[in-house]
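The values are calculated or read from the model by the stated rules, or taken from the named source; none is laboratory data. Values in this document were obtained by computation on a predicted structure and should not be read as measured data. Neighbour counts run over all protein chains shown; Cβ positions are idealised from the backbone, glycine included. Accessible surface is based on the protein model in full, side chains and every heavy atom, while ligands, DNA and RNA are left aside. Shrake-Rupley method; radii C 1.70, N 1.55, O 1.52, S 1.80 Å.
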Amino acid sequence: MSAVLLPSGVIRVPTVSRLENGAVVHGTRDLTPEAPDYDAWLPHAIPEVESWHGDADDAELLARWRGAASA
């Protein structure tokens, strides 16, 4: 996963956490421009639109999310 620059200026960055039972959980966290590590991530962030792959899987996934959000 890449760091993604959202239209609002927030950067969504990958995170990895390890639970007490040893399980590894991959996720994200959002950095606002006020965050101490924002400037370090900014050169690596790609605009959200450029992060879309544009393939059928992306379209299907977005359609499901939009449907769930409006339900």
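Can you find a residue in segment 35-47 that is hydroxyl-bearing (Ser, Thr, Tyr) and either closer than 21 Å to residue 62 by Cα or not in a helix (DSSP H, G or I) (or both)? Looking for residues that are hydroxyl-bearing (Ser, Thr, Tyr) and either closer than 21 Å to residue 62 by Cα or not in a helix (DSSP H, G or I) (or both), one finds none in segment 35-47, hence no. For beta carbons closer than 9 Å, sequence separation of 6+ or different chains, a first residue in segment 10-25 that is within 27 Å of residue 40 (Cβ to Cβ) and in contact (Cβ under 8 Å) with a residue 24 or more places away in the chain and a second that is charged (D, E, K, R) and in a strand (DSSP E or B), the qualifying pairs are 11/30; 13/29; 13/30.
Quick check: anything in segment 49-69 modelled with pLDDT under 95, part of a strand (DSSP E or B) and open to solvent by less than 60 Å² (accessible area, probe 1.4 Å)? No, that holds for no residue.
When restricted to residues that are under 14 Å from residue 37 (Cα atoms) and open to solvent by less than 50 Å² (accessible area, probe 1.4 Å), segment 10-25 contains 5.
Can you confirm whether segment 31-45 contains a residue that is within 15 Å of the chain's Cα centre (by Cα), surrounded by 14 or more Cβ atoms within 10 Å (Cβ to Cβ) and touching a residue at least 40 places away in the same chain (Cβ under 8 Å)? Taking every residue of segment 31-45 in turn, at least one turns out to be within 15 Å of the chain's Cα centre (by Cα), surrounded by 14 or more Cβ atoms within 10 Å (Cβ to Cβ) and touching a residue at least 40 places away in the same chain (Cβ under 8 Å).
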